[in-house]
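First, the structure itself, so that you have it in front of you.
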Amino acid sequence: MRLPFCIGLTGGVGSGKTSAARIFQELGAAVVDTDEIAHDLTRPGGAAVAAIRSEFGADYVAADGGLDRAKMRRLVFADAVARKKLEAILHPLIRKDSQARIAAAQQPYVLVVVPLLLETGAYRELIGRVLVIDCDEERQIARAMKRSALSSDEVRAIMAAQLPRAKRLAAADDVLHNDADLQALRRQAEALHEKYVALARKASQDASP
Ligand code: ATP
């Protein structure tokens, strides 16, 4: 079966991926967010919880039956082997779920949000174009802190484990510059949306017999 035209959206921590994805969704794109899927899989009753319990022990499952996120975050930050084990549980499930959601999309194209798209190379074969969202690093740190309970040192540590800004920009087919307000982000997304609808139409014409 032929999958719909996919754009991969990536960017550093706090760069504005979720905000941009929301705008594209409002404009009419399908959005498949791999972080959101990971979150769903580890909620109470989520498909990854039983495997996490058997690999890491009941201590890593909170009283509500979902993953104890704070505890797991501390573990995988300090222990690379544990991180690999967690990824081995989650990645195939995220992949399967993403693919099913992409295949089911009825919209002209799918925006697939993959924070580490360029770092890991995962999902590249599904993706027709890479869209990078970018802002200067001071703004990025302030926004990441605003969205989460992380300190500036913790945000900097996450940034250090991600691709440097210049390399990410060099790998982009398109860039959203998120240095101003959300209106400015929306204006850029509107222009790209038109372009993506046209590219998706062309891809589907080229593929039809
Ligand atoms: P993470 O990597 O942590 O998942 P993200 O890349 O998805 O983050 P967002 O959650 O979209 O980034 O944005 C981080 C924070 O910055 C949010 O509180 C969001 O509302 C805010 N933000 C994003 N873009 C802008 C903007 N242009 N103007 C003002 N605030 C913004």
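The values are calculated or read from the model by the stated rules, or taken from the named source; none is laboratory data. What you see is a predicted model; the values in this text were computed from it and never measured. Note that each Cβ is placed from the backbone with ideal geometry, even for glycine, and that neighbours are counted across all protein chains shown. We work out accessible area using only protein heavy atoms, side chains counted, and drop any ligands, DNA or RNA first. Shrake-Rupley method; radii C 1.70, N 1.55, O 1.52, S 1.80 Å.
Could you count how many residues in the range 194-209 are more than 16 Å from VAL130 (Cβ to Cβ) and part of a helix (DSSP H, G or I)?
Count: 9.
How many of the residues making up the range 42-76 are surrounded by 13 or more Cβ atoms within 10 Å (Cβ to Cβ), touching a residue at least 12 places away in the same chain (Cβ under 8 Å) and assigned to a helix (DSSP H, G or I)?
Looking only at that region, the number is 9.
Taking the criterion of being surrounded by 15 or more Cβ atoms within 10 Å (Cβ to Cβ), touching a residue at least 24 places away in the same chain (Cβ under 8 Å) and touching a Cys at 6+ places or on another chain (Cβ under 9 Å), would at least one residue in the range 186-197 satisfy it?
No: the range 186-197 contains no residue that is surrounded by 15 or more Cβ atoms within 10 Å (Cβ to Cβ), touching a residue at least 24 places away in the same chain (Cβ under 8 Å) and touching a Cys at 6+ places or on another chain (Cβ under 9 Å).
Any idea which residue in the range 3-17 is farthest from the ligand (Cβ to nearest atom), counting only those that are among the hydrophobic types (A, V, I, L, M, F, W, C) and under 18 Å from the mean Cα position of the chain (by Cα)?
Out of the qualifying residues, it is PHE5.
Looking at the range 18-33, which of the residues that are within 11 Å of the ligand (Cβ to nearest atom) and in a helix (DSSP H, G or I) is most open to solvent (accessible area, probe 1.4 Å)?
Going through the qualifying residues, I end up with ARG22.
Is there any pair with a first residue in the range 157-170 that is of a type in the set (D, E, K, R) and a second that is open to solvent by 40 Å² or more (accessible area, probe 1.4 Å) and assigned to a helix (DSSP H, G or I) whose Cβ atoms are under 7 Å apart and which are 6 or more apart or on different chains, and what are they?
The qualifying pairs are ARG165/GLU137.
Might you let me know whether the range 81-94 holds any residue that is under 19 Å from ALA21 (Cβ atoms) and part of a helix (DSSP H, G or I)?
The answer is yes, given that some residue of the range 81-94 is under 19 Å from ALA21 (Cβ atoms) and part of a helix (DSSP H, G or I).
Regarding ASP181, is this residue modelled with pLDDT of 95 or more and not β-branched (Val, Ile, Thr)?
yes
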